[in-house]
Amino acid sequence: MRWNCIKKIIPFLIILLLTLAIELFIFHFDVLMISPNDRVIDVTDNFSCNKNEMGGTIATIDIDKIYVNKLVVTYQSEKNVEVDIQYVEDDYYHKEMDSEWKDTFNKNLTQMVINFNNYMTKMEWTYTGDVTIEKVSIDNQIHFNIFRMVYIFMFMLVGYVLYRYYKSGASTKHLPVIYLILSLMIGGIMIFVQPNVAMYSWDEQIHFRESYRLFKREIKWEKNVQLLLETFPFYDINSMEEQLEQSRFLETQSSVDEIEKSSGFVPYNKVGYIFLGIGFQFADWLGLPFAVCFKLGKFMNLLGYSLIMSVAIWKTKVGKRILAVIALLPVSIFLACQYAYDPAVTAGLTLGIVYLLNALVDRDTGIDFKFVVIFLIAMLYACFIKAIYAPLMLLFLLIPNSQFKTKKTAIYTKVGIVIICMLVMSTFVLPTVTSTMGADSRGGNTSVVEQLQLVLSNPVGYILVLKDTMIKLFLDEFIGYGAIGMYAYLGYISDNIYLLMVLILLFVSITDTQKKQLKLGYRLWFLVFLIGTILLIWTAMYLAFTPVGENTINGVQPRYFIPLLFPLIICLDFRGVRNSISDKVYNTIVLGIPSLVILISIYQLFIIPFCW
Amino acid sequence: MGQIVKKKYKIFICYGIILLAFLAFIVLLIKKPQAIVYHNVYAEDTSFSQEEVTFPLKEVVTVDIDNIQSLSLTIGDNTINNYSYQVSITDLDGNVYFVQDYDKYSSSSYYFPLNELKDLKENMLILEIDCADCKGIKANLGKATDKAYISGIEKTLQISINNFKTNKQYYWYVFMLLAVGFTLLPLARSEEI
């Protein structure tokens, strides 16, 4: 018994030891070779400042080919001041080469730490602003990087989980649970290594503000919250030390600036913030540091998304593996790890569509109270946030009456679903028709009313605009970079892993054959509704986000189509394909490759820029 | 007996939802509705295509509701975000309720909780945007009948006075609850023993 327990712990201990070894001997290899006398070198005296013709400051540091692991600058600045650093370092052949680095003296921090990890000869700093440099030193000490170590540990742990899954036979029955575990682990790493900034994802400041306000009758706008809501308060946090200092700084900014009264009522279009709000406020109620509260909000969002998607994978009778890959799309996991409500839309719609598909592929599926309750909760959860997907609820009408207890029940239920769908659609149709809906002014000279008038007075013209734009962008919106590998303002995942993700998505779409199939008639109806929804999304953005009279449609983003990916793939017919790959190999690949893609992207887009 | 109770709970849930909707409806009927004032600045002007904007930019807003809880201000164009500017809210007597300086690249959408407005003597406020460095910004002041590009802020300056009682949403929730309750009721009844 005791030996069994020890046997279970041994792999974790091995992974921990490997993590320490990798951190020490690989990431600190150069530093280990440094003589103890060169571990910390104070170069403040070598840092000479002069004024240039434009009133800015040029500072130079002359160092005689010393290895610089980290350059630590202690400073005081009342404003954010951008600095341009030109420096001379060694290339791979130990010849000198010119390089450049841009950074910022942040008014809220006191230390700038730059990771050079190379031999340097000379540096020239150019900046405009009043900055007092207190100390400059070269730090060649061994610093165990907590972010990097957690990443390495979890990377290997993910591999171990997949290995155990493979060894146990990789049964499709366990796919939902393994997906849930992997999603939480990988998403957890992503959340942990990010600086506390509400600006990495689209409209994140707005989503964070709304999550912060949720459920409260008295909203105390603390200074740290206001700091996160300002655009770019902490850009250029690019080292472990700066990240940790930022977290400590936020903790000191808990004074309340303003108090706002609220009813505490949750409007229908804010239900997507429920998980975010619960996470943040639960942590706040426990008295945890602000940085932890901020991250816990994100983690709850990830938990909500992962739980609902794993239920969808568990319940679906078609395309389990396809759904697992879609649930592990890098964009989806990234958004689930931010203050964003797109994951709620994706998860809710997916679960609702899974229930629909189950009823249509399997005539034995009885439509009972529980079925309709879950279907309604899932669809309304998504459609309350983005009512544009509401027409998909009408696919419920395809379910044969024979699957209900009585014909009368079937009719009443279907009429009820239609009325509910119309009520949801009224939230965006009525404001548009009564000219009370405002356009999004970020699109430029926009006006919903004028654009609608133009479309109605010249429908053929609009159809041509729609046709041209869709032909140009259709594939890109579904499997382009934006749909699969764009991490909002952080950039794109690299080409190699993007292609790997596209390949695995195409592979599983074609080869995940199943015994139950959707009949041709149902496929056609699904396609009609899906295409209708796609057209609605394009039209909505034309009305709200495109300047009046434009010949293209602006503002459509690929993440709007992620919830439609699964039903679209199911509508395709690959019955002719024979898949003789064993479940053991197939399921492991299906979960392993997306996991690997996301883990590599975390290293490229988070660890290297923010956590080194 | 246990099975009867188990089956009947679904009916109880449906009737509970419908009852909740009716109760909420009655409460809404009894409660005095509070208006939301929406004021779209300059949107109705049609006389100009492009005009240079002079700062400070002022707009007087008439507030015709009992309880003001907050004010939200959206500055429509991102051009102004390239400059440092100041936003202030005062009444006609010059009492200052809000003043804030914004660095460039600040957000163009603001939410101001106005805790002191209950002391307002007159129901009129002045919203002012001052931008000392914003020389030569042109603005489209009218409805865009041509394709003049908006480079200023006035066309899309939207000021909405928000009240936390958004009554329209409450009524919508009532209808939604009724619809859900009546949709589920036949299913619950069909499973009744």
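See the values below:
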read-out	value
Cα centroid separation, segment A:76-103 to segment A:512-591 (Å)	46 Å
Estimated inter-spin distance, residue A:579 and residue A:513, nm [label 7 Å along Cα→Cβ]	1.0 nm
Relative packing of peptides A:306-312, A:107-113 - highest average C-beta neighbours within 10 Å first	A:306-312, A:107-113
Shielding by partners, peptide B:177-184 (average Cβ within 10 angstrom, other chains)	6
Ranked by how many other beta carbons lie within 10 Å on average, peptides A:191-199, B:124-132, A:516-524 from highest	A:191-199, B:124-132, A:516-524
Peptide A:290-301 - average C-beta neighbours from other chains (10 Å radius)	0
For chain A, the spread of Cα positions along each principal axis, largest first, Å	88, 68, 48
Paramagnetic label zone (point 7 Å from Cα along Cα-to-C-beta, residue A:58; backbone N under 15 Å) in segment A:114-152	A:123-128
Estimated distance in nm for a label pair at residue A:99 and residue A:132, the labels positioned 7 Å out from Cα along Cα-to-Cβ	3.2 nm
Two-site label geometry, residue A:470 and residue A:119: point separation in nm, points 7 Å out along Cα→Cβ	6.2 nm
Residue A:25/residue A:3 FRET efficiency (R0 41 Å; Cβ-Cβ; nearest 0.05)	0.85
Helix A:342-361 vs. chain A, principal-axis angle (Cα, 0 to 90°, nearest 10)	30 degrees
Label-reachable residues, segment A:1-19, where backbone N falls under 15 Å from a point 7 Å from residue A:144's Cα toward its Cβ	A:13-19
Average partner coverage of A:365-372, which counts Cβ from other chains inside 10 Å	4
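Each value in this text was obtained by applying a stated rule to the coordinates, not by laboratory testing. Nothing here was measured: the structure is a model prediction, and the numbers come from that model. Please note: Cβ atoms are built from the backbone with ideal geometry, for glycine as well, and neighbour counts cover all protein chains shown.
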